[in-house]
Amino acid sequence: MEEAVRVQDVLTGSLDGKEVLVRGWLQNKRSSGGIVFLFIRDGSGVVQSTVRKGEVDSKVFDLFLSTRIESSVQVEGEVKPDPRAPGGREIVVHSGKVDSAALEEFPIAKQFQGPDFLLDKRHLFVRSDKMRAVLKVRAVVLSAARSWLDSHDYLEVQVPTLTSAAVEGGATLFEVKYFDGKAYLTQSWQLYAEALIASVGKIYTIAPSFRAEKSRTRRHLTEYWHLEAEAPYVGLDGIMEVEEQLLSHVVEDLLERASSQLALFERRPEDLEKVKPPFPRITYDDAFKMIGGEKSGIKWGDDLGYEQEKILTTHFDRPFFVTRYPKKAKGFYHKPDPLNPEVTLSVDLLAPEGYGEITGGGQRIEDYGALVARIKEEGLDPESYAWYLDLRKFGSVPHSGFGMGLERVVSWVCRLEHIRDAIAFPRLINRVYP
C-alpha cells in the first residue's frame, strides 16, 4: 500500500509543488460548476482537495460528486498554496477513489441538534471539529502534567479500581457484586497512594474514578478521569505549591501546543497567560464572608456548593485556593488544624469564570490514634479501614496530596458550558450509552 502523507504536513507548506497521496474521511463537500471541493480529515487536520471536471477521469469526477459525507476516501494530486482554502493549502486532485462509501446520509447535519440527540449519536459526534479539539486538549493536559511530575521525581503508579471501603461519602458509591461478596468502584485512589509513598516516595496516577452522584449539574459525571498525586514530608503549603506549579505548566503547554484548538472555543490567550504562581489564597472563613454568609444558602461548616463557588469566582481572574474547610465538609483523613481543630488542613483549587473546583486535597492525618478517632467520629467502622490504619503503625510521616479532575480542567480552559462535552463518551446519571 502506497504511503500517505499527513494533512498536517501538507498544511505546513513543506510539500508545496509535490505530488502526494492523502487518505481520510470526507468531512464536508461542495460543488460549483465543474469543480467539487472535498474537505478531507485524517486525524491530523483537514485539507481542501479540488476535483475539476476535465482534469480527472469523468468516472472519478462523477464518483466524488455523488459521494456522501463521512465516506472514507483517498486522493492523489499536487499541493498548491491557496489563501482562500482552509489552512492556506489545497490538493489539486489528479486521481482518487472511495475506500468505503457511507451507506446513508450522515445523521449529524449542519443544522442545530439537541443535546440528547448528540449524546445518542456520540459515536459519530466525536468526529466533529469541537470534539476533536477537546480530545487534543485532553491529551496535551495529560502529557504536560506527566512531564512536569516526572521531571519533579514523582513516579507514576497504578492502583485498584475495585475497593473494599469508601474514600469519600458512602452515598456516592457504586456497589459491585464480587463473587460471594461485594466491592465498590473507586472514588479516589488516595488511600492506596498513602501506602505507596512509604515504598517509592512521591507518586501520581491517572485513572478513572466513579461517583454515584444523583446530580444533573453542568459539572458532574459518574465516571471521570482523575490525576492524583501524593508526597511524603509535605504539608499544606507545600502541596499548594505543587498544584500551582503543575497547573501553570499545563496551561503554558496548552498555549504552545493547542492554541488553534483553544481558539475554536474562543478562549483568549491573555486569559490563560494570567495563570502564573503564586495563586491567591483565602480561607473557608474568608470565602463564607465573601459569599454573604448564610444568605448564600449554606450554614458555616457546610461544603461550598456550585452556586457558592460561582459567586467566589467573580472575585478572581485566575485560579485561587480556598483552604481550611470545616471538618464536616471534608473527608475523615484530612488533618485537623492544630491551631483550630474545628477546621482541617484541606484545600480546593477553584477556576475563575464560574467554573469552580478543579482540584481538592490537603494534608492527611499521620497519627494512628487521631485517625481512629476521626473514623469513629464520622460514624464509620475502623475495621473497614484496618489496612489503612496499619500505615500509621509503621513509620507514618506528615504527607499531603491532591486530586485533579481532568474534565473540569478541560471544561475551564475550553470554556465549555457542560462537563459532558469534555470527554468523548460521558457517563451521566441517566446515560450509559453508547
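The values are calculated or read from the model by the stated rules, or taken from the named source; none is laboratory data. Everything numeric here is computed off the predicted structure, so don't read it as measured data. Neighbour counts run over all protein chains shown; Cβ positions are idealised from the backbone, glycine included.
Looking at the stretch 66-78 only, could you name the residues that are surrounded by 14 or more Cβ atoms within 10 Å (Cβ to Cβ) and more than 36 Å from the chain's Cα centre (by Cα)?
Passing the criteria: E76, G77, E78.
Going by the structure shown, is T222 in contact (Cβ under 8 Å) with a residue 60 or more places away in the chain, of a type outside the set (D, E, K, R), surrounded by 15 or more Cβ atoms within 10 Å (Cβ to Cβ) and assigned by TED's automatic domain parsing to the domain that holds L350?
The answer is yes for T222.
If a residue must be of a type in the set (G, A, S), within 35 Å of the chain's Cα centre (by Cα) and part of a loop (DSSP other than H, G, I, E, B), how many such residues does the stretch 18-53 contain? Outline the logic, then answer.
Going residue by residue through the stretch 18-53, those that are of a type in the set (G, A, S) are 24, 31-34, 43-45, 49.
Narrowing the set further to residues that are within 35 Å of the chain's Cα centre (by Cα) leaves 24, 43-45, 49.
Adding the requirement that they be part of a loop (DSSP other than H, G, I, E, B) leaves 43-45.
Adding up the residues that qualify gives 3.
Taking T217 as the residue in question, decide whether it is modelled with pLDDT of 95 or more and either over 17 Å from the mean Cα position of the chain (by Cα) or in the same structural domain as L339 (by TED's automatic domain parsing) (or both).
Taking the combined requirement at face value, the residue does not satisfy it.
Among the residues of the stretch 371-382, count how many are loosely packed, with under 12 Cβ neighbours inside 10 Å and either among the small types (G, A, S) or within 17 Å of L345 (Cβ to Cβ) (or both).
2
Any residue at all in the stretch 342-361 that's more than 29 Å from the chain's Cα centre (by Cα), assigned by TED's automatic domain parsing to the domain that holds Y154 and of a type outside the set (V, I, T)?
Checked the stretch 342-361: at least one residue is more than 29 Å from the chain's Cα centre (by Cα), assigned by TED's automatic domain parsing to the domain that holds Y154 and of a type outside the set (V, I, T).
Residue by residue, here is whether (1) surrounded by fewer than 21 Cβ atoms within 10 Å (Cβ to Cβ); (2) modelled with pLDDT under 95 holds:
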| site | (1), (2) |
| --- | --- |
| T359 | no, no |
| S384 | yes, yes |
| L389 | yes, no |
| G401 | no, no |
| R427 | yes, no |
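With (1) over 30 Å from R431 (Cα atoms); (2) surrounded by fewer than 18 Cβ atoms within 10 Å (Cβ to Cβ) as the list, and A102 as the residue in question, which single condition is left unmet?
Result: A102 passes all but (1).
Regarding R408, is this residue modelled with pLDDT of 95 or more, farther than 30 Å from R268 by Cα and outside any loop (DSSP other than H, G, I, E, B)? Reasoning before the result, please.
On the way: modelled with pLDDT of 95 or more: yes; farther than 30 Å from R268 by Cα: no; outside any loop (DSSP other than H, G, I, E, B): yes.
Here the answer is no, as R408 does not meet what is asked.
Across the stretch 167-201, which residue is surrounded by the fewest Cβ atoms within 10 Å (Cβ to Cβ) among those that are in contact (Cβ under 8 Å) with a residue 60 or more places away in the chain and assigned to a loop (DSSP other than H, G, I, E, B)?
E168
Name every residue in the stretch 225-249 that is surrounded by fewer than 19 Cβ atoms within 10 Å (Cβ to Cβ) and assigned to a loop (DSSP other than H, G, I, E, B), in order of residue number.
Residues satisfying the conditions are Y233, G235.
Looking at (1) under 23 Å from R427 (Cβ atoms); (2) touching a residue at least 24 places away in the same chain (Cβ under 8 Å); (3) surrounded by fewer than 21 Cβ atoms within 10 Å (Cβ to Cβ), which is the one condition that is false for S147?
(1)
In the stretch 150-165, which residues are in contact with a strand residue (DSSP E or B) (Cβ under 9 Å, 6 or more places away or on another chain) and touching a residue at least 40 places away in the same chain (Cβ under 8 Å)?
Y154, L155, E156, V157, Q158, V159, T161, S164, A165
Mind listing whichever residues of the stretch 58-80 are under 19 Å from A101 (Cα atoms) and either touching a helix residue (DSSP H, G or I) at 6+ places or on another chain (Cβ under 7 Å) or among the charged types (D, E, K, R) (or both)?
K59, D62, R68, E70, E76
Applying the selection to the stretch 270-316, what residues are free of Cβ contacts under 8 Å to residues at least 24 places away in the same chain and in contact with a Phe, Trp or Tyr (Cβ under 7 Å, 6 or more places away or on another chain)?
Within the stretch 270-316, F288 is the sole residue that qualifies.
Here is a list: S396, S411. Which entry is hydroxyl-bearing (S, T, Y), over 30 Å from the mean Cα position of the chain (by Cα) and assigned by TED's automatic domain parsing to the domain that holds E194?
S396
Can you list the helices (runs of 4 or more DSSP H) found entirely within the stretch 260-354 that contain at least 1 residues being surrounded by 13 or more Cβ atoms within 10 Å (Cβ to Cβ), touching a Gly at 6+ places or on another chain (Cβ under 6 Å) and among the basic types (K, R)?
Details: elements: 269-272, 284-290, 306-313.
In the stretch 260-354, 306-313 are the helices (runs of 4 or more DSSP H) which contain 1 or more residues that are surrounded by 13 or more Cβ atoms within 10 Å (Cβ to Cβ), touching a Gly at 6+ places or on another chain (Cβ under 6 Å) and among the basic types (K, R).
Got at least one residue in the stretch 366-377 being without any contact (Cβ under 8 Å) to a residue 40 or more places away in the chain, closer than 17 Å to A166 by Cα and either part of a loop (DSSP other than H, G, I, E, B) or of a type in the set (V, I, T) (or both)?
The answer is yes, given that some residue of the stretch 366-377 is without any contact (Cβ under 8 Å) to a residue 40 or more places away in the chain, closer than 17 Å to A166 by Cα and either part of a loop (DSSP other than H, G, I, E, B) or of a type in the set (V, I, T) (or both).
Taking the stretch 216-274 on its own, how many of its residues are of a type outside the set (G, A, S) and closer than 25 Å to Y192 by Cα?
The number of residues fulfilling the criteria is 24.
Does the stretch 152-183 hold any residues that are of a type outside the set (D, E, K, R) and touching a helix residue (DSSP H, G or I) at 6+ places or on another chain (Cβ under 9 Å), and which are they?
Within the stretch 152-183, H152, Y154, L155, V157, V159, P160, T163, S164, A165, A166, V167 meet the criteria.
For the structure I just gave you, tell me whether A133 is of a type in the set (A, V, I, L, M) and assigned to a loop (DSSP other than H, G, I, E, B).
no
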